[in-house]
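Inspection log for the structure reproduced underneath, given as structure tokens.
The values are calculated or read from the model by the stated rules, or taken from the named source; none is laboratory data. Because the structure is predicted, anything quoted here is derived from the model rather than measured. Cβ coordinates were reconstructed from backbone atoms using ideal geometry, including for glycine residues, and neighbour counts include every protein chain displayed.
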Amino acid sequence: MEASGRVSSRDELRVRVADPQILSEIVEGEAVVLDLRSGCYFSLDPVASAIWAQVVAETSIADIVAPMQSTHEVDEVTAREAVDGFVARLRAEGLVVDAPLSPGHAALATGGPAAVATGDRAPFTPPVLTRYDDVQDLLLLDPIHDVDESGWPAARVPQAAAE
């Protein structure tokens, strides 16, 4: 939110998973994300996994920060910087794309640092995304890559041949 009280364009942004061929699972607080297009997979630490869960739910960037503050010992500025940096890394890896919020979504407007009880919040560590290419060749050999949206095998047509 801007100092004027208006919701900034940054607060009106959300990201979504870039492609249906990006699969993920969160197990015991840690996510594994598999990009079937590239054959790479990613490991996310607990903080990154919490952000990823919000991305999968297509939550606004602004709405990701407040829950982080309620569960971790972190101020709003640090939390926003961590979320922004992590989302930038997800974009760079091609895992997410920007998407405007739907008209009915009301972006979180706190007007300042959130008042959070200090109870049993966990220490904050910046989110970590680790990329693995070690099984890339094996994943790309998998015939699932030749399946179209309906689930039936379909040979991919090279881009030049399709034109």
Of residues in segment 43-83 being touching a residue at least 24 places away in the same chain (Cβ under 8 Å) and among the charged types (D, E, K, R), the one nearest to Leu129 (Cα to Cα): Asp45
Conditions (1) under 20 Å from Pro20 (Cα atoms); (2) modelled with pLDDT of 65 or more; (3) assigned to a loop (DSSP other than H, G, I, E, B); number of the one not met by Pro127: (1)
Count of residues meeting criterion [in contact with a Ser or Thr (Cβ under 9 Å, 6 or more places away or on another chain) and of a type outside the set (D, E, K, R)] in segment 33-47: 7
Selected residue (criterion: modelled with the highest pLDDT) from residues of segment 84-124 that are more than 16 Å from Ala18 (Cα to Cα) and among the charged types (D, E, K, R): Asp84
Enumeration of residues in segment 13-46 that are among the aliphatic types (A, V, I, L, M) and either farther than 18 Å from Ala92 by Cβ or touching a Phe, Trp or Tyr at 6+ places or on another chain (Cβ under 6 Å) (or both): Leu23, Ile26, Val27, Ala31, Val32, Val33, Leu34, Leu36, Leu44
Selection count where residues are in contact with a Ser or Thr (Cβ under 9 Å, 6 or more places away or on another chain) and farther than 17 Å from Ala88 by Cβ, scope segment 54-66: 3
Residue in segment 26-41 that is buried (at least 16 other Cβ atoms within 10 Å of the Cβ), among the polar types (S, T, N, Q) and under 13 Å from the mean Cα position of the chain (by Cα) present: no
Leading residue by the ranking (farthest from Asp134 (Cα to Cα)) among those in segment 22-42 that are without any contact (Cβ under 8 Å) to a residue 60 or more places away in the chain and acidic (Asp, Glu): Glu28
